Amino acid sequence: MSAEATNEGAPGRKRGRRMDLRRLGRAALSGSGARGRLPDAIDHVAKVHRGHHPGADLGILGRAYALAETSHRGQTRKSGEPYITHPLAVTLILAELGAETTTLTASLLHDTVEDTEVTLDQVGEQFGAEVRFLVDGVTKLEKVDYGAAAEPETFRKMLVATGNDVRVMSIKLADRLHNMRTLGVMRPEKQARIAKVTRDFLIPLAERLGVQALKTELEDLVFAVLHPDEYARTRDLVLAHAGRPDPLRATAARVRAVLREAGIAAEVLVRRRHFVSVHRVLLKRGEPTGSDLGRLLVLVAEDADCYAVLGELHTCFTPFISEFKDFIAVPKFNLYQSLHTAVAGEDGHAAEVLIRTHQMHRVAEAGVIALGNPYAAPEAPDAADGERADPTRPGWLSRLLEWQRAAPTPTPSGPPCATTSPRTGRSPSSGPTAGRSASRRAPAASTPRTRSTATEPTTASGPASTAGWPRSARCCATATRCTC
């Protein structure tokens with residue numbers, strides 16, 4: 001966010017992006033375009049948004065962009081690009097995940113209150129209370145008021161705001177993803193500090209909210225910064241396999257033929273593992289095979305079709321029964337649903353298969369972002385276990401917020417509170433080795449794991465302890481994959 005805002009003309013170096021920010025910057029500086037049309041710089045965002053929401057009102061996006069561009073005019077990022085390219089990139093990330101219009105409006109404005117003369121009252125007057133709340137939720141607390149406590153208290157504030165509206169965290173995750181993509185312009189020590197905060201705080205929250213598309217890319221970017229040697233080794237391994245025959249493609253062709261003969265309409269894709277996932281396989285099995293570098297993804301229309309596909313695969317291929325998991329009947333805490341299995345591939349090795357509907361795939365990738373506006377639909381009846389009555393406020397977050405409400409309220413002059421965020425307890429030196437399930441978990445490191453203190457909240461007497469917390473609060477605050 002504001003850490004990369006500099007005065008115009010500041011030196012910097014450019015780096016490759018997912019999007020052409022130089023073109024975007026020229027469009028941003030060229031004006032608003034013809035009357036009645038959206039500004040050229042936001043036209044691509046609008047097209048992507050309309051692809052997910054055909055009836056969306058784009059007028060408010062145009063007004064939000066106009067305010068953001070005017071407010072940030074003259075500011076540049078450390079890379080030398082106009083600062084407006086950052087909120088545009090964040091908004092595009094969210095648009096590609098299917099976020100609704102209110103979220104995109106707030107993402108365009110998410111740095112205006114923090115970095116410009118625009119006030120929250122002005123945002124509320126022009127765009128409504130919802131947008132005002134979202135912008136306020138992602139606005140950092142001032143160091144001049146909070147001192148060393150500013151960063152942890154900002155996370156605490158953001159977590160509490162997320163309890164009222166998860167779209168706050170959606171914007172923060174997209175904001176951090178773009179900052180991580182452009183982290184190369186920072187000093188190495190600052191890169192490491194930002195990467196550690198991302199690893200310890202935001203990646204666990206992304207997993208909790210089911211936003212796998214952001215979580216996996218954040219994991220790879222953090223991996224590259226904190227463990228460059230292991231990252232290079234993993235990248236070289238993937239590149240070495242890229243020039244060899246791919247056994248997963250041959251297995252995918254057989255699966256398509258089997259499903260076509262059975263009359264099941266399905267889309268069969270080869271889904272590559274991201275680098276951290278490949279690194280976990282490397283730690284567990286040594287030299288991986290071609291089948292270990294990806295999975296087969298089968299997409300169907302209805303829930304019943306998922307089980308029909310499973311039956312055909314287990315009939316026509318040799319299954320590895322120990323790899324079967326049914327997350328459709330028993331969804332994960334973060335809304336994830338899918339059938340997992342593994343069958344013998346063309347090379348004789350196990351080929352992992354994920355089977356889900358198209359809607360399940362959207363939710364698996366975008367998590368709570370895929371729900372659209374969570375407050376537009378009527379409230380669902382209370383669930384028996386209390387976990388899914390409101391999918392935008394999962395049970396783990398509700399319990400954590402209840403515990404936080406009982407904690408003392410910090411003051412600007414006071415020390416940071418021990419309730420800042422869900423800590424993972426992972427050592428900075430342990431690397432990204434934790435697997436997603438017991439059967440696929442990488443072996444523990446040879447050295448004892450210690451709690452990281454680089455980004456932990458502290459009290460005046462030292463690191464905060466969880467000894468006196470309620471059981472559910474201890475669990476949620478110290479474990480990445482809490483099961484409470």
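Here, each number is a calculation from the coordinates, and none is a lab measurement. Because the structure is a prediction, the values reported are computed rather than measured. In this analysis, Cβ positions are derived from the backbone assuming ideal geometry, glycine residues included, and neighbour counts consider all displayed protein chains.
Brief remarks on what is shown
- Residue-wise HN-Hα couplings along the stretch 277-291, as the Karplus relation 6.51 cos²θ - 1.76 cosθ + 1.60 with θ = phi - 60° gives them from phi, are 5, 5, 4, 5, 4, 4, 5, 7, 10, x, 6, x, 8, x, 6 Hz; Gly and Pro carry x.
- Here's how it looks for Ser338: its modeled amide H is under 5 Å from those of Phe327, Ile328, which are all 5 or more places away or on a different chain.
- Loop-located GluC sites (Glu not before Pro) in the stretch 219-321 (DSSP state other than H, G, I, E, B) with a sparse environment of at most 13 neighbouring Cβ atoms within 10 Å: Glu302.
- DSSP-loop GluC sites (Glu not before Pro) across the stretch 71-156, with at most 16 other Cβ within 10 angstrom: Glu117, Glu142
- Long-range Cα-Cα pairs in the stretch 308-362 (distance over 15 Å), rounded percent: 49
- Computed magnitude of the charge dipole of the stretch 99-215 (debye, nearest 20; Cβ of K, R +1, Cβ of D, E -1): 760
- The modelled label-to-label distance for the pair Asp347/Arg73, using points 7 Å beyond Cα in the direction of Cβ, is 5.7 nm.
- Two-site label geometry, Glu125 and Arg285: point separation in nm, points 7 Å out along Cα→Cβ: 6.2
- Computing FRET efficiency as 1/(1 + (r/R0)^6) for Glu261 and Arg235, where r is the C-beta to C-beta distance and R0 is 35 Å, gives about 0.35.
- Estimated vicinal HN-Hα couplings, Hz - the stretch 58-63 in sequence order (Karplus 6.51, -1.76, 1.60; Gly, Pro = x): 8, x, 5, 5, x, 5
- Hz values of 3J(HN,Hα) by residue in the stretch 261-269 - Karplus curve (6.51, -1.76, 1.60), Gly and Pro given as x: 5, 7, x, 9, 6, 8, 10, 10, 10
- Taking amide H positions as modeled 1.01 Å from N, with prolines and chain starts lacking one, the residues under 5 Å from Gly294 and 5 or more places away or on another chain are Arg273.
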